[in-house]
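Chemist: Sharing a structure, written as C-alpha cells. Questions coming.
Laboratory data are not the source of any read-out in this text; all were calculated from the coordinates shown. Bear in mind that the values here come from a model prediction, so they are computed numbers and not experimental data. Cβ placement follows ideal geometry from the backbone for every residue including glycine, while neighbour counts extend to all protein chains displayed.
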C-alpha cells in the first residue's frame, strides 16, 4: 500500500511539473501587425515567463528522478546485503546482480538529467 501511495504521488508530481511547464510556455501565435518595438517593450515588461517555468520543471524532474533513484539504490543494496547474509556462498552472483541493477538505475537518473538540461537550453 505504501508503494502505491508513493507511485501515485510521483505521477501527480510529474503531471504538476508538466502542467507548470506547459502553462509557462510562450504563446506561438504571432500577429503581423506587431512591430519589433512592441515585442521588445513587452519582453522588457516581463511578459515572458518561459525561462522560469523551464527551470522549475527541470528542477522538479531531476529532483524526483534523483530521489527515486537513491531510494531504488538503497533498497537494492539492502536486499543484496540480506541475500548475502542468508547465503554467503552466493555472494559473487548477488554482488554482480546488485552492481548491474545499480548501473541501470544510475543510467535512468542520468537520462533524466540530460532531459532536464535539454528542457532548459533547447525548448
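Chemist: Starting from 0.36 nm per residue, how many nanometres of slack lie between residue 10 and residue 117 once their C-alpha separation is accounted for?
Modeler: Length gained between residue 10 and residue 117: 36.5 nm.
Chemist: Another one. What's the exposure ranking of 86, 95, going from fewest to most Cβ atoms within 10 Å?
Modeler: So the ranking, lowest neighbour count to highest, is 86, 95.
Chemist: Still on this structure: Give me the extension gain from residue 50 to residue 90: residue separation times 0.36 nm, minus the current Cα-Cα distance, reported in nm with one decimal.
Modeler: Gain on extension, residue 50 to residue 90, equals 9.1 nm.
Chemist: If we count other beta carbons within 10 Å of each Cβ, what is the order of 54, 93, 2, fewest first?
Modeler: 2, 93, 54
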